[in-house]
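The values are calculated or read from the model by the stated rules, or taken from the named source; none is laboratory data. Please read these numbers as outputs of a predicted model, since none were measured by experiment. Virtual Cβ from ideal backbone geometry, glycine too; neighbours counted across all protein chains shown.
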Amino acid sequence: MNIKAIAFDADDTLWDNEPFFLDVEKEMCKILSPFGTAEEISAQLFKTEMANMDDYGYGAMAFTLSLVENAIKVSHGQVPATDIARIVELGRTLLRLKATPLEGVEETLRQLKSDGRYRLAVFTKGELLTQEHKLQRSGLMPYFDNILIVSDKTEQQYTDLCRALNVAPSELMTVGNSLKSDVLPALNIGAWAVHIPYHVMWQHEVIDDFDHSCMFRIEKFSKIIDLLKTNGQL
């Protein structure tokens, strides 16, 4: 192991994200309760999100558009305009999240930054402006050398990340909560990966669990330091 750069996912790795989306979804189900059960409305929302993925991508604005479209679908066009306005405002709350760093995040990043041996990067997917604003509100920007916000995390995007950080894949370690987005494509190009499970996961990100010789699993963000020390990297 010869790690020279560490790339961190943002949502549900550096700060909470998915619980707020779930709260908005629950409120939407309450608004649309005259048109179906919460289970029916949520199932249709997921179908709508998946159908819109190629056009809208990921993020709060994409989610809000799908919320509105879903309301029209499940109500067969009968949803009142006042309820559409309420749903839009629910989506808007996701653009104002405080992005408070999770436990141990800032202390760990501070230690890694002061050590000086790694290039530290944020590598996350979503809408550019939304993610930039959350990063600014988090107060974590000073710890990172690079910030890369992409539409999706593919093997090609991870290869481009290595090029941007001027490292070989074997010199990169990724850190994130999603096996699908933060771990698997990184492993597939020959990088190292650290999986930090989060207590809730968007359905689209769920895949079967697996083990890999270049993947580590830790319970807390702060354990990154112990992991690096154990492997002679600190």
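Structural remarks
- On the stretch given as the range 76-134, residues that are of a type in the set (Gly, Ala, Ser) and touching a residue at least 12 places away in the same chain (Cβ under 8 Å) total 5.
- Some residue of the range 169-188 being part of a helix (DSSP H, G or I), out of contact with any helix residue (DSSP H, G or I) (no Cβ under 7 Å at 6 or more places or on another chain), polar (S, T, N, Q) and at pLDDT 95 or above: yes
- Each residue in the range 196-217 was checked for being out of contact with any strand residue (DSSP E or B) (no Cβ under 6 Å at 6 or more places or on another chain), buried (at least 16 other Cβ atoms within 10 Å of the Cβ) and aliphatic (A, V, I, L, M), and 2 pass.
One line per residue, one yes/no per condition, for (1) within 20 Å of Glu25 (Cα to Cα); (2) touching a Ser or Thr at 6+ places or on another chain (Cβ under 6 Å); (3) of a type in the set (Ser, Thr, Tyr):
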{"site": "Arg92", "(1), (2), (3)": "yes, no, no"}
{"site": "Leu120", "(1), (2), (3)": "no, no, no"}
{"site": "Thr130", "(1), (2), (3)": "yes, no, yes"}
{"site": "His133", "(1), (2), (3)": "no, no, no"}
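- A Cβ distance below 6 Å, combined with a sequence gap of six or more or placement on separate chains, defines the contacts here; from the range 46-59, residues that are surrounded by 15 or more Cβ atoms within 10 Å (Cβ to Cβ) reach residues that are in a loop (DSSP other than H, G, I, E, B) in the pairs Gly57/Ser151; Tyr58/Gly126; Gly59/Gly126; Gly59/Glu127.
- Pairs meeting the criteria (first residue in the range 191-220 and farther than 14 Å from Phe8 by Cβ and outside any loop (DSSP other than H, G, I, E, B), second residue at pLDDT 90 or above and small (Gly, Ala, Ser), beta carbons under 7 Å, at least 6 apart or on different chains) are Glu205/Ser178; Glu205/Ser181; Met215/Ala193.
- The residues on offer are Ala193, Ala168, and the sole one that is in contact with a Cys (Cβ under 8 Å, 6 or more places away or on another chain) and surrounded by fewer than 21 Cβ atoms within 10 Å (Cβ to Cβ) is Ala168.
- Residue tally, condition among the basic types (Lys, Arg), over 26 Å from Ser151 (Cβ atoms) and in the same structural domain as Ala71 (by TED's automatic domain parsing), over the range 83-124: 1
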